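Report on one structure; see the data block that follows.
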Amino acid sequence: MDFRFAPKQEAFRGEVRAFLQNALPPDWVGSENALDEEAFAFGREFLKKLAPKSWIAPAWPVEYGGLGLSLWEQVVFNEEMAYQRAPLINIAAVGYLGPTIMIYGSEEQKGQHLPGITSGEMIWCQGYSETGAGSDLASLQTRAVQDGDDFVINGQKIWTSQAHYADWIFLLARTDPDAPKHKGISYFLVDMKAPGITVRPLVNMADQHGFNEVFFDNVRVPRSGLLGELNRGWYMATTTLDFERSNVATSAGSQRTLEELTTFARETKADGTLLIERPLARHQLADLWIELSIARFLSYRVVSLQDRGLVPNYEASIVKVFNSEYGQRLARAGLQMLGLYGQLQPESPHARLRGRFERSYLASVGSTIAAGTSEIMRNIIAQRGLGLPRN
C-alpha cells in the first residue's frame, strides 16, 4: 500500500510550512503553558494571521468561512500546525462545535456563530463534565427549565478548558428530569457574559491554569440558544465527541517531541557515554518510534473511513486511547533520559529541553481522562468494534 501523499497535497504542505516560518518567531519552539495570559494573547494574534487565508477552519465549506479542503489536505494542514506547535487556541470551536452546528443548527444559528469562529473573534469553551458526571456524562444534573421564550439554567460544570478566556460556551443540560437519562438532555449555546455565570480557576499539578469550574445561577438563555431538538442533546453530544476523539494531529506533535528527545540522546553524555549508546535508551527510543508510526496510521485509518463517506466511531476511540497513553509513555521516557535535570521546571536556567518533559509528564496524567477515559474507550471498542456484550 502506498502511504505517500499526492503531489498537490505535498505542495500544500510546503505552503503551510512556509507560512508558519514567517508567522511564528524565528526561535519558536512552542509555549510550555498555552493558556497563560501571554501565550493566549499570542494565540489570538496568530488567529488573525490565519483568518485572511481562511485557515482557521480550512476544511469547513466555503460558505461557512473555510476553504472546503479535502480530508487529506486537512490532515496535511493539521500535521504541519501540530509539528510546529502553532498556538491553535480555539480547537473546541473549530474541530467539535462548528461541525455540530453545521449538522444540527438552524440557518440563523449558523449565521450567528460560524463567522465569529472563522474570523478568530469568538472563543468557545465546552461545558460537559460535572463533579458527579465525568465518565458517566449522561448523569449530569445541570438543569435548564423553560420559562416563556427563555431557558433558565442552574448548575455547575468542571474541567472547562479556557473558560476564563471564552466568549461563549456550548453545554449540556437536563431539560426532562423524568425521562431516561440519555433522553432528557439538551444542547445549548450560551453567552459567557450572561448574568449569573461565575468562573473559578482550577490549577493542575503542572501548575497550569487551563481548567475552570463554571457556575450557572438562574442564567437566562433565549430559545435561539437551543441547538437542535429539545431533549435530543445527548445524540448531538456524541457527534461532538467523535469529532474530538478522531484528532489526526496528535502524532505529528509527538513526532516533534520525539525528534528532540532523540537528538538529546545523541548529543548528551552521562558518565562519559552517549545516552544513545546505552541499550535501555536505544530500545526505548526504538519502541517509541515504532509506536509513533502506529499512532499515525491509526489516525489515517479514521480519515480513510471519513473519505469513503463512513462515520468512524470505535475507530476514533482506538485513536484516542492509543494516542493518550502513548503521550504518557513518551513523557515518562523523556523524564528518565534527562535524569534529575528532567525534574526541573521550565523556568529553571538549568532545565534541559526547556523543561518540556517535566511539564508534559505532569500534564499527561489527565490525557487518559479527558474526552473519555481509557476505560470508557475500551468499552466502546469492545462493544461496537468487537461485538462483545455490555459489561
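The values are calculated or read from the model by the stated rules, or taken from the named source; none is laboratory data. Note that this is a predicted model, so its numbers are computed, not measured. For neighbour counting, all protein chains shown are included, and Cβ atoms are generated from backbone atoms with ideal geometry for every residue, glycine included.
Mind checking which residues of region 265-300 are surrounded by 16 or more Cβ atoms within 10 Å (Cβ to Cβ), within 28 Å of the chain's Cα centre (by Cα) and not hydroxyl-bearing (Ser, Thr, Tyr)?
GLN284, LEU285, LEU288, GLU291, LEU292, ALA295, ARG296, LEU298
Could you pull out the residue among TYR326, TYR314 that is among the aromatic types (Phe, Trp, Tyr), touching a Lys or Arg at 6+ places or on another chain (Cβ under 9 Å) and more than 19 Å from LEU275 (Cα to Cα)?
The conditions single out TYR314.
Residues in region 15-59 that are within 20 Å of the chain's Cα centre (by Cα), outside any helix (DSSP H, G or I) and among the acidic types (Asp, Glu): how many?
Count: 2.
Residues to consider are ASN218, ASN247; find the one that is modelled with pLDDT of 95 or more and polar (S, T, N, Q).
On inspection, the qualifying residue turns out to be ASN218.
Considering (1) surrounded by 20 or more Cβ atoms within 10 Å (Cβ to Cβ); (2) among the aliphatic types (A, V, I, L, M); (3) closer than 30 Å to GLY111 by Cβ, say which one ALA82 fails and leave the rest.
The one condition ALA82 does not meet is (3).
Can you pull out the residues in region 311-344 that are surrounded by 15 or more Cβ atoms within 10 Å (Cβ to Cβ) and over 30 Å from PHE297 (Cβ atoms)?
Within region 311-344, TYR341, LEU344 meet the criteria.
Would you mind finding the one in ARG301, ARG296 that is in contact with an Asp or Glu (Cβ under 8 Å, 6 or more places away or on another chain) and either modelled with pLDDT of 95 or more or assigned to a helix (DSSP H, G or I) (or both)?
Among ARG301, ARG296, only ARG301 is in contact with an Asp or Glu (Cβ under 8 Å, 6 or more places away or on another chain) and either modelled with pLDDT of 95 or more or assigned to a helix (DSSP H, G or I) (or both).
Do we have GLU121 as in contact with a Pro (Cβ under 9 Å, 6 or more places away or on another chain), farther than 14 Å from GLY66 by Cβ and surrounded by fewer than 17 Cβ atoms within 10 Å (Cβ to Cβ) here?
Criteria met by GLU121.
Tell me, which residue of region 360-391 that is within 14 Å of the chain's Cα centre (by Cα) and among the hydrophobic types (A, V, I, L, M, F, W, C) is modelled with the lowest pLDDT?
ALA371
Any residue in region 126-144 that is of a type in the set (Lys, Arg) and more than 20 Å from LYS183 (Cβ to Cβ)?
Scanning region 126-144 turns up no residue that is of a type in the set (Lys, Arg) and more than 20 Å from LYS183 (Cβ to Cβ).
Is there a residue being charged (D, E, K, R), in a loop (DSSP other than H, G, I, E, B) and in contact with a Gly (Cβ under 8 Å, 6 or more places away or on another chain) anywhere in region 146-158?
no
Would you check which residues across region 93-115 are under 28 Å from PRO25 (Cβ atoms) and out of contact with any Asp or Glu (no Cβ under 8 Å at 6 or more places or on another chain) and list them?
If the condition is that a residue be under 28 Å from PRO25 (Cβ atoms) and out of contact with any Asp or Glu (no Cβ under 8 Å at 6 or more places or on another chain), then ALA93, VAL94 are the ones that fit.
Given the criteria in contact (Cβ under 8 Å) with a residue 24 or more places away in the chain and either in contact with a strand residue (DSSP E or B) (Cβ under 7 Å, 6 or more places away or on another chain) or of a type in the set (S, T, N, Q) (or both), does MET81 qualify?
It is false that MET81 is in contact (Cβ under 8 Å) with a residue 24 or more places away in the chain and either in contact with a strand residue (DSSP E or B) (Cβ under 7 Å, 6 or more places away or on another chain) or of a type in the set (S, T, N, Q) (or both).
I'm checking my understanding of the structure. Among residues of region 71-113 that are of a type in the set (A, V, I, L, M, F, W, C) and not in a helix (DSSP H, G or I), which one is farthest from ASP167 (Cα to Cα)?
ALA86
Under 28 Å from THR368 (Cα atoms) and either assigned by TED's automatic domain parsing to the domain that holds VAL62 or outside any strand (DSSP E or B) (or both): is that true of ALA163 in this structure?
yes
Among ASP176, ASP167, ASP149, which is the only one that is more than 27 Å from GLU63 (Cα to Cα), of a type in the set (Asp, Glu), surrounded by fewer than 19 Cβ atoms within 10 Å (Cβ to Cβ) and at pLDDT 95 or above?
ASP176
If you check LEU261, LEU310, LEU285, which single one turns out to be within 28 Å of PHE5 (Cα to Cα), in the same structural domain as GLY342 (by TED's automatic domain parsing) and in contact with a Ser or Thr (Cβ under 6 Å, 6 or more places away or on another chain)?
One residue alone meets the criteria, LEU285.
Looking at region 350-358, can you tell me whether even one residue there is under 17 Å from the mean Cα position of the chain (by Cα) and either exposed (fewer than 15 other Cβ atoms within 10 Å of the Cβ) or of a type outside the set (Ser, Thr, Tyr) (or both)?
No, region 350-358 contains no residue that is under 17 Å from the mean Cα position of the chain (by Cα) and either exposed (fewer than 15 other Cβ atoms within 10 Å of the Cβ) or of a type outside the set (Ser, Thr, Tyr) (or both).
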